[in-house]
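Structure first, commentary second.
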Amino acid sequence: MSTDEQSSGPTRESRRSGPLVAITRWMENLGETGFAYLLLTPVFLLLGAIALYPLLRTFELSLYTNIIGTGGPEFVGFDHYVSLLTGESDQWLPGTSQFLWGDVTVDGAFPFVHVQGVFRSALAVTLIFAAVSVFFETLIGFGQALVLDQEFRGRSWVRVAIIIPWAIPIVIQGMIFYLMFHPSTGFATEFLANYGIVAQNNTLNDPASSLLIVTVADIWKTSAFMALLILAGLQSIDRSLYDVAKVAGASRWQQFRLITFPLILPTLGIAILFRTIDAMRIYGLIDSVSSCTVVPSLSCMVVATFGSQRGLASAIAFVTAIIIGIAVLGVIYQQYKEGL
Amino acid sequence: MARVTLNHVTKRYEDVVAVNDMNLEIKDGEFVCLVGPSGCGKSTTMEMVAGLTKPSEGNIHIGDVDVTTLPPKDRGVAMVFQNIALFPHMDVYDNISFGLRLRKYDKEEIDRRVDHASDIVQLEGMLDRMPDEMSGGQRQRVAIARAIVREPDVFLMDEPLANLDAKLRVHMRTELQRLHKELDTTIIYVTHDQAEAMTMSDRIAVLDAGELQQIDPPLVCYNEPANLFVAGFIGSPAMNFAEGKLVPGGFESEHFSVEFDPSQIPGASVGDRVTLGIRPEDVFTTDRIQNLSSATASLDATTDVLEPMGDEIFVYLVLGESAERSMEGETASSNQLLMSVNPDSDIQEDEDVEVVLDRSKVHLFDTASGHALAHGIEELPGSGAGGGPGTEAGTGGRTGADTESQVTEAESDR
Amino acid sequence: MSGETQTQTQTQTQAQSQSETEQGPLANWTQGVISDPDQRSLLYRALFYAITIFFLVTTLFPFYWLLVLALTPNNLILAGDWDLPFLRPQGFNPQAFVEVFEQIPFHLYVFNSFVLATMTTIIVIIIASLAGYVFGRLEFPGRGPLMLAILMVSYFPPAAFLIPLFEAFTGNPVVAPFIGVELFTPPRLVNTPGAMVLPFSALFLPLSIFILTTFYAQIPDGLEDAARVEGTTRLGALFRVIMPLSAPGVATAAVLTFIAVYNEYFFSSIMALGNEPQQWSPLVGGLLQYQSLYSTEFNLMAAASIVGVLPVVILVVVAQERIVSGLTAGALKE
């Protein structure tokens, strides 16, 4: 019946020709593997140009000294990495900041271990920030997730309220805390300084106080992210397990300890890894609340030096990448265990 | 012209051969069922005809065009899928006209064809419904209309009725036959249900383990199965099989024997291991023997379980004088025999009976290769009263020696 | 959870109830909580609401603080007489919300942010759709390792990419690493959308790939086959059938990408050199402009923050389901 209808439309497009048809035909005849890699080409191009190339090039640059305005780059091998560890390169870092911390002494006075210039050290500040913020974010996020896991009226509005801090721009997050602690406007400085929590004067230029403020700001914003990840884990728990536990006479605390917590643990692990990786990239919040001179994070040091000593900046950037890479390996190991 | 030809088509996946050296010729306007158990390669074969899968070797022609490397859209085929596969985000009209709109037909032509197609499958007045507002049967009609509207050279149907309930399935079967009569287009139909294949198709292609076993009209497949697999697969309940060997007096197994002249079986000689096959309806109790032109000598048996089906009764027989009921499924085949009897029969459980087999319906297979050796066997000359040797002279002529060539033969002489 | 422990707990409870029958009201109350399930659930309820309210106050208070600042005239802010602990605006000056756009063209910065976010979202959705189709629907060697490699990229620090990108975007030749061969000289991209859209796309691509992979994988094969037999190519089936059917997933990926770009700080602050709106400086530039040039106009900073935050707040309220499902699906790959 199709033979007499050919005039009404193209029944067999095979008879068409032209470059477009040829390309389409070629694509359609690719095997799954060929087709897969063809479609991934844009991803490879983009990530190759914007991620892989810069990463390799950063490593290459880190082997050269390239002081802006003093002529061409000069090959120095791993000198930059060595000088970071010996402290020789600290002169290039902004203000009084260093890459490593100073002497460590232990005595009887609180907090017993005293580290010289710990808040001046880019490495220490980054690690402290990551550890402390992730710890509290996990705790608070868990609490928020438990709240959101309940059925109650207005739950979706509470959820919106809890998510909103996560969704606001970093610069505005920074602005809020900047305004809270700015000497001319802040209500919080006076209040907290009375308890000795932050410095009385010049709070945003005090390394310890600023680090604390930045950490709190991050906890405020990012707990919600933790909460959502944990909530997803909670909601994947089979509800009938709780019925079994109830019938067996378990109290709420026992239900939490014996069912909820063990089942949520893998989710929690991967969420913590993700957050730690993210926290170690901290830059924008510091830049907008305080400044990189006051709170030296690793990313901060890259930005602060790349206009003057590009080789050293590259070395710091690559060290940052390595530290984060180790954490990424943790994630990959987790994914591998789950059989991605 | 919409002949479909498969020449030496093979499809290999990493470690399995899904379809092995398949040769098929489907004539214009023919309704062919590809049937076989799951994993036999029937769906892969259809996907290769559709172009959804590329064969590893061989080529496929639709009409006069070699379509082996053409994408599905350029093959002039339309397909109805097992899971119906209506686009859930489009209403019925958009679903049916999808292919036409892609081909940039003009609006009036599309409307005319959609109207016509929805007429054929009785979907008038439902064109603005969404698929999730329709019943399973209605959705199936939409899927069929979507295929009809393209006026394709070949219809491909991949178990289109598998997801429907039993009653609707029977109804849709007749609808599809009516549709085939109306459209007169080539239809290739995949199913695992041999009853579906038997009732609808002009020819059945039986597949197993990626290989074509037989392609013939339904009754030929039923009466003259090319091998053990086809014999066992076509027909419900399945054919009885008994393993044994050829002896000078005929066939002998552990529990019974059938006498005939082994020299009439070409391609086999005394001493060969053979399998005898007999369908349940070709087993008779001796009191009904008068209908038979030629019966074997009677066998002693005991009735075991009865399964009254309404229109017939299935009787499970245990063969042998000291009829010991064997509970082991594995060995049961050799001393168990299924017989179907008239529903008004007064046969009882645990009754000693004598049964005979209809000689003209006895099948012999080579046990090792599975190939059919003979369909129908003649009496030993001079033994017993005159049977009707004429019955098997015609049909029993086809013997297993040429099973290989049977496929091509079947194609050419029909 | 052995039966033994429970029996012990029960015995203890009984023992307690015997010994504490004649004690004060607090003890009685505690007693009630321990033994009476109604009282206990009441306590849980009260605790639950207390915790919920605590979370609400802590998350929302900073926004209230912005509002207080924005509405308080600047001279009163500088006077700094906040009545703690119940902060409220000193005076009422909605004029700040107008002034915000007068001091600097703040609307242009917001507009730039919108344009950058929209451009990035479109690029990301197209590229991630192709990749999501590949990872979700095709079987091919190297699939798992490739996905992991892409995941890794999104977690490297932007700082590790900054220096070579900055050199390239300022018009210096791109040099093949370690070989020293100059490949080509790119156009000067700084101060154009390209200098931000490119890094944003690379940075936020992986999350969208993961979300779309999950969604595209769920579309039944039959629908794609049907579309192909009906007359589309494989790519045609992706854009005509798979994508429309995965609309919720595409929306999720789009919303998350948009928010991520709108919120980005690192490249936003560096790649627009002068923080000028004409140089495509986004929201970040506008606010930093207030912090540095108008460093005493605190009410304007607060008002600008509120203006800047409004679009995302609206987006979150409208699309909260999508955000929640996307974050959990994308990050945990469930």
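Worth a mention:
- In units of the rule-of-thumb radius 2.2 N^0.38 Å, region B:1-108 shows an alpha carbon radius of gyration of 1.20.
- Cut-off under 5 Å, modelled amide H: who pairs with B:V353 long-range: B:A301, B:T302, B:T303
- From the Kirkwood radius over Cα pairs of region B:242-301, Stokes-Einstein at 4 °C and 1.567 mPa s returns a whole-number translational diffusion coefficient of 103 µm²/s.
- Taking amide H positions as modeled 1.01 Å from N, with prolines and chain starts lacking one, the residues under 5 Å from B:V19 and 5 or more places away or on another chain are B:K11.
- Sequence-distant lysines (8 or more away, or on other chains) whose Cα lies within less than 22 Å of B:K107: B:K73
- Derived scalar couplings ³J(HN,Hα) [region C:256-267; Karplus, 6.51 cos²θ - 1.76 cosθ + 1.60; whole Hz; x for Gly, Pro]: 5, 5, 4, 4, 4, 5, 4, 8, 5, 10, 4, 5
- The order of B:Y189, C:Y265, going from fewest to most other C-beta atoms within 10 Å of their C-beta, is C:Y265, B:Y189.
- Whole-angstrom gap from region A:147-215 to region A:306-321, using each part's C-alpha centre: 31 Å
- Legend: P(r) of region C:111-231 from all alpha carbon pair distances, 5 Å bins from 0, whole percents, reading 2, 10, 15, 16, 17, 15, 12, 7, 5, 3, 0.
- The angle between the Cα long axis of helix A:122-149 and the main principal axis of chain A comes to about 60°, on a 0 to 90 degree scale.
- Over chain B, equivalent-ellipsoid semi-axes from the Cα gyration tensor in Å: 46, 25, 17
- Distance cut-off 42 Å, percentage of C-alpha pairs in the protein assembly as shown lying past it: 59 percent
- Relative contact order of chain A, pairs being alpha-carbon contacts under 8 Å that are 6 or more residues apart, as %: 24 percent
- Region B:1-15 and region C:170-203 have Cα centres spaced 50 Å apart.
- Ranking of A:S297, A:S308, C:S292 by count of other Cβ atoms within 10 Å, fewest first: C:S292, A:S308, A:S297
- Most mobile of A:S223, A:S288, A:S240 in a GNM of chain A (Cα contacts under 10 Å): A:S240
- Compactness ratio for chain A: Cα radius of gyration over 2.2 N^0.38 Å (N = residue count) comes to 1.36.
- Fewest-first sequence of A:R153, A:R275, A:R252 by Cβ atoms within 10 Å of each Cβ: A:R153, A:R252, A:R275
- Global geometry of region A:203-329, whether rounded, prolate or oblate, following the gyration tensor of its Cα atoms and the 1.5 cut on a/c: prolate
- What separates the Cα centres of region A:85-101 and region C:135-169 is a distance of 31 Å.
- Rounded D (µm²/s) - chain C, Kirkwood Rh over Cα pairs, Stokes-Einstein at 10 °C, 1.306 mPa s: 64 µm²/s
- Per-residue HN-Hα couplings for region C:132-140 [Karplus 6.51, -1.76, 1.60; θ = phi - 60°; Hz; x = Gly/Pro]: x, 4, 4, 6, x, 10, 10, 9, 7
- Across all directions, the average projected area of the convex hull around the alpha carbons of region C:202-289 is 7.2 nm².
- Value of relative contact order over region B:4-228, rounded to a whole percent, pairs C-alpha under 8 Å and six or more apart: 29 percent
- For region C:120-128, 3J(HN,Hα) per residue [Karplus equation, 6.51 cos²θ - 1.76 cosθ + 1.60, θ = phi - 60°, Hz, x = Gly/Pro]: 4, 4, 4, 4, 4, 5, 5, 5, 5
- Report summary: the helix-based calculation at 222 nm, which adds -39500 (n - 2.57) for every DSSP H run with n ≥ 4 and divides by the residues of the protein assembly as shown, gives -16000 deg cm²/dmol.
- Principal axis dimensions, largest first and in whole angstrom, of region C:252-310 by Cα: 39, 25, 18
- For B:V80, distant residues with modelled amide H under 5 Å away: B:L156, B:M157, B:D158
- Over 30 Å apart at the Cα level, from the set B:K104/B:K167; B:K42/B:K167; B:K42/B:K104, are B:K104/B:K167; B:K42/B:K104.
- Within a straight-line Cα-Cα reach of under 30 Å, A:K337 can be paired with the following lysines, leaving aside sequence neighbours fewer than 8 residues apart in one chain: C:K333.
- When only Cα pairs below 8 angstrom with a gap of at least 6 residues are kept, chain C shows a relative contact order of 24 percent.
All of the numbers you see were taken from the coordinates with simple rules; none came from a lab. Worth saying up front: this structure is predicted, and the values here are computed from it rather than measured. Glycine also receives a Cβ, built like all others from the backbone with ideal geometry; neighbour counts cover every protein chain displayed.
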